Protein chains: 2
Amino acid sequence: MDDLTEMLKGTLEGCVLEIIAGEETYGYAITRRLNELGFTDVVEGTVYTILLRLERNRLVQVTKRPSEVGPPRKFYALNDAGREELARFWAKWQYLSSRIDKLKEGGR
Amino acid sequence: MDDLTEMLKGTLEGCVLEIIAGEETYGYAITRRLNELGFTDVVEGTVYTILLRLERNRLVQVTKRPSEVGPPRKFYALNDAGREELARFWAKWQYLSSRIDKLKEGGR
DNA sequence: TCCTGGTACCTCGTAGTACCGAGTACTGCT
DNA sequence: AGCAGTACTCGGTACTACGAGGTACCAGGA
């Protein structure tokens, strides 16, 4: 697939929120999950900047835990504000995608 | 609706291309059309920057025509490169929206 | 005549986001 | 000891949408 980077702006953060909502997890694993889901070109650096932003905006709760296969992991879980933000994200996504699909259909 | 600006990045240009593909039209009218279609907060300045970019990237053919109700209008029409770019846009949109919808459904 | 409002275009600066590259550090295996 | 895989951080860059302001053309009313 062509370069999606511009189109990902504004949606990638929501995707990360959704992944965290599904289970408490950490940056490296989130990157892998995104790649699995078809966001093949998303790299670690990008995910970490999003995670730091989520933390700064107090949408997640962070827990550091040791790992048996490498350095300690920072596990992320949504808090109430994070769940609200996720709901807002899906509302926006639904709104946008419905408008775009309408435009595609000939938009009358 | 909440602020969509970040989510619009990468998609707005495609929307403008689609509108131009539908009929030869000009900036001011395109802005109105977008507003009608639900992109209520898109302002003229944004559309003009997109149109200048399309022109710079040689995706459109531009024709200036006088108007009876104001200053002359710059009409935009897609050329072959523009139609190709539009097709690429829809392919990317389809790809992205299918991945996101999959993620929303629980993403297995 | 002047002024307002609608039409139509352009430009500059700003903020936000994804990405790249490089660096640090821990573990287990050879 | 060296290496590969895991895991996080940071600084800089490119691109995009937007806000604010400006220019200009036309019609109608005070």
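The values are calculated or read from the model by the stated rules, or taken from the named source; none is laboratory data. No experiment lies behind these values; they were computed from the predicted model shown. Methodologically, a virtual Cβ is constructed for each residue, glycine included, from the backbone with ideal geometry; neighbour enumeration extends over all protein chains shown. Surface accessibility is based on the protein's heavy atoms, side chains included, excluding ligands, DNA and RNA. Shrake-Rupley method; radii C 1.70, N 1.55, O 1.52, S 1.80 Å.
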Taking a label point 7 Å out from Cα toward Cβ, give me the nm distances from B:Ser98 to the same spot in the other copies, shortest first, one decimal. 2.4
State, to one decimal in nm and shortest first, how far the label point of A:Gln61 sits from each corresponding label point in the other identical copies (label point: 7 angstrom along Cα-to-Cβ). 6.3
Heavy-atom accessible area with a 1.4 angstrom probe orders B:Val69, B:Val42, most exposed first, as B:Val69, B:Val42
By the scheme Lys and Arg +1, Asp and Glu -1, what is the net charge of all other residues having a beta-carbon under 12 Å from that of B:Ser67? +3
Which entries of A:Lys64/B:Lys102; A:Lys9/B:Lys102; B:Lys64/B:Lys92; A:Lys92/B:Lys92 have Cα-Cα distances beyond 22 Å here? A:Lys64/B:Lys102; B:Lys64/B:Lys92
By the mean-Cβ-within-10 Å protection proxy, highest first, A:43-56, A:21-34 rank as A:21-34, A:43-56
Keeping every protein chain in place, order B:Val62, A:Val60 by accessible area at 1.4 Å, biggest value first, i.e. largest first. B:Val62, A:Val60
Sorted from largest down, give the three principal axis spans of the alpha carbons of the range B:5-104, whole angstrom values. 51, 30, 20
Rank A:Trp93, B:Trp90 by accessible area, highest first, at a 1.4 Å probe radius? B:Trp90, A:Trp93
For the protein assembly as shown, what does -39500 (n - 2.57) per DSSP helix run (n ≥ 4), summed and divided by total residues, give at 222 nm, in deg cm²/dmol to the nearest 500? -18500 deg cm²/dmol
Taking the dipole of the protein assembly as shown about the Cα centre (Lys, Arg +1; Asp, Glu -1; charges at Cβ), the one of B:Thr40, B:Gln61, A:Gly14 that reaches farthest to the positive side is B:Gln61
Could you work out, residue by residue across B:33-41, how many beta carbons of other chains sit within 10 Å of that residue's beta carbon, and then give the average as an integer? 3
Where nothing but the Cβ of Lys and Arg (+1) and of Asp and Glu (-1) is charged, how large is the charge dipole of chain A around its Cα centre, in debye to the nearest 20? 340
Using all Cα-Cα distances in the protein assembly as shown, what percent lands in each 5 angstrom bin from 0 up to the longest? 1, 6, 14, 16, 16, 13, 11, 8, 6, 4, 3, 1, 0, 0, 0, 0
Taking every residue of B:1-13, the Cβ atoms of other protein chains inside 10 Å of its Cβ average out to 6
Residues in the range A:72-87 near a label at A:Glu44, defined as backbone nitrogen under 18 Å from the 7 Å Cα→Cβ point? A:72-76
Give the Cα extents of the range A:1-54 along the principal axes, in whole Å, largest first. 31, 22, 17
Can you give the average number of partner chain beta-carbon atoms within 10 Å of each beta-carbon in peptide B:97-103, as a whole number? 6
